[in-house]
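Peer 1: Got a structure for you, written out below as structure tokens; questions coming shortly.
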Amino acid sequence: MLTPEEQREIEQEAASYPERRAASIDALRIVQRRRGWVSDEALADVAELLGMSPAELESVATFYNLIFRKPVGRHVILICDSVSCWIMGYTKVRDHLKARLGINFGETTSDGRFTLLPIVCLGACDRAPVMMVDEDTHLDLTPARIDAILERYE
Amino acid sequence: MANVKLTIDGKTVEAPANTLLIEAARRAGIEIPAFCYYEGLALQAACRMCLVEVEKAPKLMTACTLPVAEGMVVRTNTPQVAQARKSMLEFVLTNHPLDCPVCDKGGECELQDMVFRYGAGESRFLEVKQHVDEREWSPVVFYDRPRCILCFRCVRICAEGMGVAALGVVNRGASSEIAPNRGDHLECDECGMCIDICPVGALTSGTYRYRTRPWEMQHVGTICTHCADGCKTTLGIRNNRIHRGNNRDRSGVNGEFLCIKGRYAGDFAHHEERLLTPLVRSQDGFKPVSWAEAIKTVAGRFAEIRQRGGKFGVIGSNHTTNEENYYLQKLARTGLGTNNIDHHRTGDVLSLLRARVPLATTADLYHSKAVLIVGVDLAQQHSFLAYQIRANWRHHQARVYTVRRGPVREDKIAARIVSVEPGGELAGVETLRDDLAKEPELVILFGDAIQGEAVARLTEFGSSLGIPVKYVCLVDYSNSRGAVEMGVLPAEGGMTLPEMMAAGDLDALWVVGANPLRRHALAGKPFLVVQDLFLTETAQAADVVLPAASAYEKSGTVTNVCGEVQRLQKAFETPGTKTDLEIFGLIAREMGLDLKQLGPWTPSAVFAEIARTVPGYDLPVEVLEAGGAVQAGPSDGLPDAVWAPVQSAGDTLFTSGTLGRYSKMLNAVREAPGELYRA
């Protein structure tokens, strides 16, 4: 069941398009902002609210890699694996992150604190390697800097 | 729209402006290959097979998305285009398994054909092909991901054509795949449109997969025997067995459309409980007897009752052919001397014929600017008619109006929806008067909610709109309309079906392809003769049971819900059974009736008599013979027939009277009848 707040927010978005289904990305983001991810149940609820079938909304949800269809940790780390970062030492940063957190890509730490995901270019190649944690972009990464950055996220 | 002139491969081609290049080329006889482009569906431009050279364009263009323009110069036969096709096919085959020798689609696969014509013959990819196990989405639909070429035809036909949208494309890029509504299973009409439209063997059907090869079957185009919409289904027959139904050649009124019943529910014919020998009641229950003995028993009793002026009742079928219906009523009237003949009336066709208003064809539903649906869940009960209206809305922006008791699928495409209580349908229609009067034309479809006096009032309403209005009276089963028009109705004091069941003083009751005991109790102890495929409730009570052939095992004609007459083609035989027409003839002969007057019991001879004597049925035989459909009419309104209340059988997508009960496929799907779609 969507909460009344979620419903109201989605309805607001839907009202700004000629077709309700056009609000599907916004609606998924609304749910994800409140719950961290989009469950099968939430997806079916949103689909019904927008007059779509679950399969149609699933097509949208799984096309975008920032819509999470599995539970994630309290913080999501997105590390760039594109060419500039790779040239500038991405592999070292990645290996350090994996070792430090004890997880692989697509996994969440056992304390539910971090989820680690690769991502394509974040548009800050001049300061590579780069990663994002939640909404923050972290530049000029080195294995040493990583530890300090992670400390900031509880 | 004005025409434009363009040149394709040096040939001057004329086409209406805005025609897509791929269509203009096809109409000029120039094939531009494509997987994802599909006439009537939204554009996808995903497969890149239709790349062509267009003069002054810097690179190859997709012919499926390019509208033709004046002076355009197109080349489809250059080395660059050939190379593009070759390369695209090489990509398509990267992960596509070459399991053609066991693939269902082998022999009728578009990918096979394309590679044969345009492919490279060898691949430069050395990598191991990715394998993903096959998935069962329902007893009907199986998905083999590696064979899928991601043309998205299935996704589009389900969403656009069926209005269901049970399929989506999940993930992206190389990991894209087709996925059903519920993650691992379908919740849909189980119509199989996705399977037939699949250009490769990615989607296969539970009834057909790994059973036979396409070229080992005989393909017999006949008319589906389930609902009244009259879809052509091409049965794949091998060793006297139906292996599949489809209509890929788009013959018949339905084009390529078929629902689960037309595609997969032919399996009733091979059910192990099928009656294969006549049965005569003895002291210890039914005794199997020879046909000769059974006919002798029936004819003997009939003759005896006739001789002493006893009372007959005859209940005909809404599944049997026009020829059979006609012959039965003639035999009843002239041979048995009774007017007590009726059938289960599922819609008030009689009142509509008497209103003498224009009747719509199935094609009208696709072309009419406006459609009004009164008191029926069309998607559940008349899947093909609903498909036509949906296509009309998509292609021609038809305005659809629904007057109904609860949510129906057509609401989604409706310009206006009127909710009514049972019995409030006519009042609901009246509230649409101003809107409907503004339409240039209208087709009105109504179910059993409108009957008797209400039909007259509905047609008066239609006439008062001042626009051309055509009508469809919705009936169930493959030949309800024909049963009415052939006169399987009481006349001049004859008893109706409920009256016969309640009479109590009938000496004999002859039931052909019907199961009245399911809805009515039988009073008295008449000599009960039943012709049917199965030991139904009625057959169980019979004195003699005669095993009948199904519609797929006989020739003749049937008349669909729109009055379109089409020909059945005998597809196979079930040894031990006889067609109802033959049974009638054998009984008549054994009774010593005037056979000259009754006429020969062959379908073509009976149809010739129908053409002479039934108003509206003097139809061009050559069109019917060629597999075409012709709308009968106008009728004379059957002035002698006795009117009686009607009641729809209430069948849904997954039920179909007796035949549905014996179709394992229909009963295997998980969708609960009628509870599928909340909106």
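Peer 1: At what distance in angstrom do the alpha carbon centres of segment B:113-141 and segment B:506-546 lie from each other?
Peer 2: If you average the Cα positions of each part, the centres end up 54 Å apart.
Peer 1: Also: I'd like the orientation of helix B:453-464 relative to chain B: the angle between its Cα long axis and the longest Cα principal axis, in ° from 0 to 90, rounded to 10.
Peer 2: 40
Peer 1: Continuing with the same structure: Tally Lys/Arg at +1 and Asp/Glu at -1 over every other residue whose Cβ is under 14 Å from the Cβ of A:Gly89; what's the total?
Peer 2: In short, +1.
Peer 1: If we count every other residue with Cβ under 11 angstrom of B:Gly29's Cβ, Lys/Arg +1 and Asp/Glu -1, where does the sum land?
Peer 2: Residues close to B:Gly29 contribute a combined charge of +1.
Peer 1: Continuing with this model, one more query. For B:Asn18 and B:Arg281, what is the calculated FRET efficiency with R₀ set at 60 Å and r taken between the beta-carbons, to the nearest 0.05?
Peer 2: FRET efficiency, B:Asn18 to B:Arg281: 0.30.
Peer 1: Also, I was wondering about something else. So between B:Gln218 and B:Phe125, what do we pick up on full extension, going 0.36 nm a residue minus the alpha carbon distance?
Peer 2: Extra length from B:Gln218 to B:Phe125 when fully extended: 29.6 nm.
Peer 1: Please report the net charge: other residues with Cβ closer than 14 Å to the Cβ of B:Arg145, K and R +1, D and E -1.
Peer 2: Neighbour charge sum, excluding B:Arg145 itself: -4.
Peer 1: For chain B, what is the mean residue ellipticity at 222 nm derived from helices alone (per DSSP H run of n ≥ 4: -39500 (n - 2.57); sum divided by total residues; nearest 500 deg cm²/dmol)?
Peer 2: Computed mean residue ellipticity for chain B: -7000 deg cm²/dmol.
Peer 1: Taking neighbour counts of Cβ atoms within 10 Å as a proxy for exposure, in what order, fewest first, do B:Trp137, B:Trp510, B:Trp215 appear?
Peer 2: Ranked by crowding around the Cβ, least crowded first: B:Trp215, B:Trp137, B:Trp510.
Peer 1: With the Cα gyration tensor of segment B:349-473 giving a ≥ b ≥ c as the square roots of its eigenvalues, does the rule (a/c under 1.5 for rounded; else a/b larger than b/c for prolate; else oblate) give rounded, prolate or oblate?
Peer 2: In terms of gyration-tensor shape, rounded.
Peer 1: Further question on the same structure: Determine which residues of segment B:462-488 fall in the zone a paramagnetic label at B:Leu624 would reach in this model, i.e. backbone nitrogen under 20 Å from the point 7 Å along Cα→Cβ.
Peer 2: B:477-488
Peer 1: Something else now. At 0.36 nm per residue, and after removing the present C-alpha to C-alpha distance, how many nm does the segment from B:Leu98 to B:Lys525 gain when stretched out fully?
Peer 2: Here the answer is 147.1 nm.
Peer 1: May I ask for the angle, rounded to the nearest 10°, between helix A:4-15 and the longest principal axis of chain A, with both axes built from Cα atoms and the value confined to 0 to 90°?
Peer 2: Compared with the principal axis, the helix lies near 80 degrees.
Peer 1: A follow-up question, please. List the chymotrypsin sites (Phe, Trp or Tyr not before Pro) within segment A:74-154 that fall in a DSSP loop (any state other than H, G, I, E or B) and whose Cβ has at most 15 other Cβ atoms within 10 Å.
Peer 2: Qualifying residues, ordered by number: A:Phe105, A:Tyr153.
Peer 1: Continuing with this model, one more query. Can you work out the FRET efficiency for the pair A:Asp40 and A:Asn65, with r the C-beta to C-beta distance and R0 = 22 Å, to the nearest 0.05?
Peer 2: 0.75
Peer 1: On to the next question. Quick one: compute the contact order of segment A:75-150, relative version, from alpha carbon pairs under 8 angstrom and 6+ residues apart, as a percent.
Peer 2: The normalised contact order for segment A:75-150 reaches 40 percent.
Peer 1: Restricting attention to segment A:10-87, which GluC sites (Glu not before Pro) occupy a DSSP loop and are surrounded by at most 16 other Cβ atoms within 10 Å?
Peer 2: A:Glu19
Peer 1: Also: At a Förster radius of 35 Å, what calculated FRET efficiency corresponds to the Cβ-Cβ distance of B:Glu293 and B:Ala605, to the nearest 0.05?
Peer 2: With a Förster radius of 35 Å, E is 0.80.
Peer 1: Looking only at segment B:86-119, which residues have a backbone nitrogen under 18 Å from a spot 7 Å from the Cα of B:Asn171 in the C-beta direction?
Peer 2: From segment B:86-119, the list is B:92-97.
Peer 1: Take every residue in peptide A:46-59, count the Cβ atoms of other chains within 10 Å of its Cβ, and give the average of those counts.
Peer 2: 6
Quick note: the coordinates plus some simple rules give every number you see, no bench work behind them. All values reported here derive from a predicted model rather than from experimental measurement. Heads up, the Cβs are rebuilt from the backbone with ideal geometry, glycines too, and the neighbour counts pull from every protein chain shown.
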